[in-house]
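Asker: Starting off with a structure, shown below.
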Amino acid sequence: MHDYQLVDGDSTVYRDGSIKLHTPAGFEGMRKAGRLAAEILDACAELVKPGVTTGSIDDAVRGMMLDAGAVPATLGYRGYAHSSCISINHVICHGIPGDKVLKDGDILNIDVTPLVDGWHGDTSRMFYAGEPSLKARKLVEVTYECMMLGIAAAKPGARLGDIGAAIEAHANSFRYGVVREFCGHGLGRLFHDAPEVVHAARAGTGPELRPGMFFTIEPMINLGKPWAKVLGDGWTAVTRDKSLSAQFEHSIAITETGNEIFTKSPTGRDCPPYV
Ligand code: MF3
Ligand code: CO
Ligand code: CO
């Protein structure tokens, strides 16, 4: 039913629908890419404040990647022309950096994907500009918990649907909406590969999780209804009901005993407030 393919080190891979199983060389590559991605988000915590433009943060992200000998995987990806996605308040994902100025009380997601020696480290976190409302902070905290519960369900022998089931159950208990239009994804030498990691699913369904699989878990959770729409720019996804939305993303591997998170913050700044 599902096709698995062993990928050793730098062998060429294709988007042929197969789920890739990686060797220690792949783990080494992803540790490096994931660490750089996490360090860049750590540095973003110092930049986010009221009065700053999203374009200036994107410029800083690009600079950090190039300085580290990496390339922003989003630059030129399907016509996207930026080094990060910055999604504020009711923007769910794929917010385009530009002249927009952060204001006190904004919550925002910064999503970065450096390409390091051919490996993709894909991660995002929420940030606070000034002091957001209690409701906004609760949404952000629960969204982080959703991601971590999804990661806890990711282990050999489990099914892919167990991840979405864990995320959806937690979000539902707060009457939040889980976005369906955008998913986590396999990654490695490819940016977006099989499998599609849905964040709302039935436990016990989908492909079996096997050691060596690499994929992201990146739930988008809305304070209101789950419905999304994409704006006329072709990228910016917003909540239809204008409610706030939050997202976190880690790149992980299935290991023999559980999982490994490639994009953990080396300074513990995985979830705000970043003090
Ligand atoms: N980093 C995003 C993800 O989590 C993808 C962004 S693609 C872009 O999969 F083109 F919008 F940048
Ligand atoms: Co991703
Ligand atoms: Co991402």
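Each value in this text was obtained by applying a stated rule to the coordinates, not by laboratory testing. Being a predicted model, the structure only gives us computed values, none of them experimental. Because the Cβ atoms are built from the backbone with ideal geometry, glycine has one as well, and the counts that use them run over all protein chains shown.
Asker: Return Ile221, Ile19 ranked ascending by Cβ neighbour count within 10 Å, so the fewest neighbours appear first.
Answerer: Ile19, Ile221
Asker: Which FRET efficiency value, to the nearest 0.05, is calculated for Thr255 and His2 with the Förster distance at 25 angstrom and r the Cβ-Cβ distance?
Answerer: The calculated FRET efficiency here is 0.85.
Asker: OK, next. Using alpha carbon centroids, what distance separates the range 89-127 and the range 176-230, in Å?
Answerer: About 17 Å separates the Cα centre of the range 89-127 from the one of the range 176-230.
Asker: Check cross-link reach from Lys264 to the lysines: straight Cα distance under 24 Å, and skip same-chain residues fewer than eight apart.
Answerer: Lys20, Lys32, Lys49, Lys138, Lys155
Asker: Hey, another quick one. What is the local net charge at Gly224, summed over the other residues whose Cβ is closer than 12 Å to its Cβ (Lys, Arg +1; Asp, Glu -1)?
Answerer: +4
Asker: Using Cα pairs under 8 angstrom and six or more residues apart, how large is the relative contact order of the range 14-125, in percent?
Answerer: 33 percent
Asker: With a Förster radius of 22 Å, plug the Cβ-Cβ distance of Val101 and Glu181 into 1/(1 + (r/R0)^6) and report the FRET value to the nearest 0.05.
Answerer: The pair Val101/Glu181 has a calculated efficiency of 0.20.
Asker: Using 0.36 nm per residue, how much length does the chain from Ala203 to Ala68 gain when fully extended, once their Cα-Cα distance is taken away?
Answerer: The Ala203-Ala68 span can extend by a further 44.6 nm.
Asker: Rounded, prolate or oblate, given the Cα gyration tensor of the chain, with a/c below 1.5 counting as rounded?
Answerer: Oblate, since a/c reaches 1.5 and b/c is not below a/b.
Asker: Something else about it: How charged is the neighbourhood of Lys100? Take every other residue with its Cβ under 13 Å from the Cβ of Lys100, and add Lys/Arg as +1 and Asp/Glu as -1.
Answerer: It works out to a net charge of -3.
Asker: Once you've got the GNM for the chain with C-alpha springs shorter than 10 Å, pick whichever of Ser18, Ser133, Ser265 has the biggest mean-square fluctuation.
Answerer: Maximum fluctuation in the GNM of the chain, among the listed residues, is at Ser133.
Asker: Then there is this: Pick from Phe248, Phe262, Phe191 the residue whose mean-square fluctuation is largest in a GNM of the chain, springs joining Cα atoms under 10 Å.
Answerer: Phe191
Asker: When only Cα pairs under 8 Å and 6 or more residues apart are kept, what is the percent relative contact order across the chain?
Answerer: Computed over the chain, the figure is 22 percent.
Asker: Find, among the GluC sites (Glu not before Pro) in the range 246-275, those assigned to loop by DSSP (not H, G, I, E, B) with at most 10 other beta-carbon atoms within 10 angstrom.
Answerer: Glu256
Asker: Mean-square fluctuation check for the chain, GNM, Cα pairs under 10 Å: which of Val140, Val13, Val48 is largest?
Answerer: Answer for the Gaussian network model of the chain: Val13.
Asker: Tell me the label-point distance for the pair Thr23, Phe174, using the 7 Å Cα-to-Cβ offset, in nm and rounded to one decimal.
Answerer: A separation of 4.3 nm, rounded to one decimal place.
Asker: Using the charge dipole of the chain (Lys, Arg: +1 at Cβ; Asp, Glu: -1 at Cβ; taken about the Cα centre), state which of Gly157, Tyr4, Pro266 has its Cα farthest towards the positive end.
Answerer: Among Gly157, Tyr4, Pro266, the one farthest towards the positive end of the dipole of the chain is Gly157.
Asker: As a check on your grasp of the helix formula, calculate [θ] at 222 nm for the chain: sum -39500 (n - 2.57) over DSSP H runs of n ≥ 4, divide by the residue count, round to the nearest 500.
Answerer: -8500 deg cm²/dmol
Asker: Placing +1 at every Lys and Arg Cβ and -1 at every Asp and Glu Cβ, with all other atoms neutral, what dipole size does the range 1-113 have around its Cα centre, in debye to the nearest 20?
Answerer: Here the size comes out at about 140 debye.
Asker: Follow-up question, since we're still on this one. Please turn the phi angles of the range 3-20 into ³J(HN,Hα) values with the Karplus equation 6.51 cos²θ - 1.76 cosθ + 1.60 (θ = phi - 60°), one per residue in order, whole Hz, x for glycine and proline.
Answerer: Taking θ as phi minus 60°, the curve returns 9, 10, 9, 6, 10, 9, x, 9, 5, 6, 10, 10, 7, 10, x, 7, 8, 7 Hz for the range 3-20.
Asker: Can you list the residues of the range 97-131 with backbone N under 11 Å from a point 7 Å past the Cα of Lys49, pointing along Cα to Cβ?
Answerer: What the label zone holds, given the 11 Å backbone N cut-off, is 130.
Asker: Can you tally the net charge around Lys155? Count Lys and Arg as +1, Asp and Glu as -1, for every other residue whose Cβ sits under 12 Å from the Cβ of Lys155.
Answerer: Taking every other residue near Lys155 into account, the sum is -2.
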